[in-house]
Amino acid sequence: MARKGAKRVILASRSSRVSDSVQTLMNDLAAEGTEVVVRQCDVSKKEDVQNLVAASSSDSLPVRGVIHSAMVLHVSLPPFSRPITYLSPSRLL
């Protein structure tokens, strides 16, 4: 998104922790003119999402797109302890 001209990218996560690699990416994008903001948001909680949207919509740069990418690669508790190859497209939808 930054490479396509986004002036700001908001990264939402449940913990809002930033790894070293993400911090490096944030610094690189900032050097290219894109502000990267990290905000705490658990998308399974309606109030968190409402707060994120409200905070992101209230300033001068409007929200123009959303990408949600989260997944569980492996659940380790029986009877769900199957390898990732068990997942099929129909189970992911």
Between Arg64 and Asp48, what length comes free when the chain is fully extended (0.36 nm per residue of separation minus the Cα-Cα distance, one decimal in nm)?
-> 3.9 nm
Computed lengthening from Ser57 to Glu35, 0.36 nm per intervening residue step minus Cα-Cα distance | 6.4 nm
Would you mind checking which residues have amide H under 5 Å from Ala12's amide H? H placed 1.01 Å from N; only 5 or more apart, or other chain.
-> Arg39
By average C-beta atoms within 10 angstrom, highest first, the peptides 10-19, 35-44 = 35-44, 10-19
Would you mind checking which residues have amide H under 5 Å from Glu35's amide H? H placed 1.01 Å from N; only 5 or more apart, or other chain.
-> Arg8, Val9
³J(HN,Hα) computed for each position of the stretch 19-30 - Karplus, 6.51 cos²θ - 1.76 cosθ + 1.60, integer Hz, glycine/proline x = 6, 4, 5, 5, 4, 4, 4, 4, 5, 4, 5, 4
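Just so you know, all these numbers are worked out from the coordinates, no wet-lab data involved. Quick caveat, the model's predicted, so the values are computed rather than measured. Note that each Cβ is placed from the backbone with ideal geometry, even for glycine, and that neighbours are counted across all protein chains shown.
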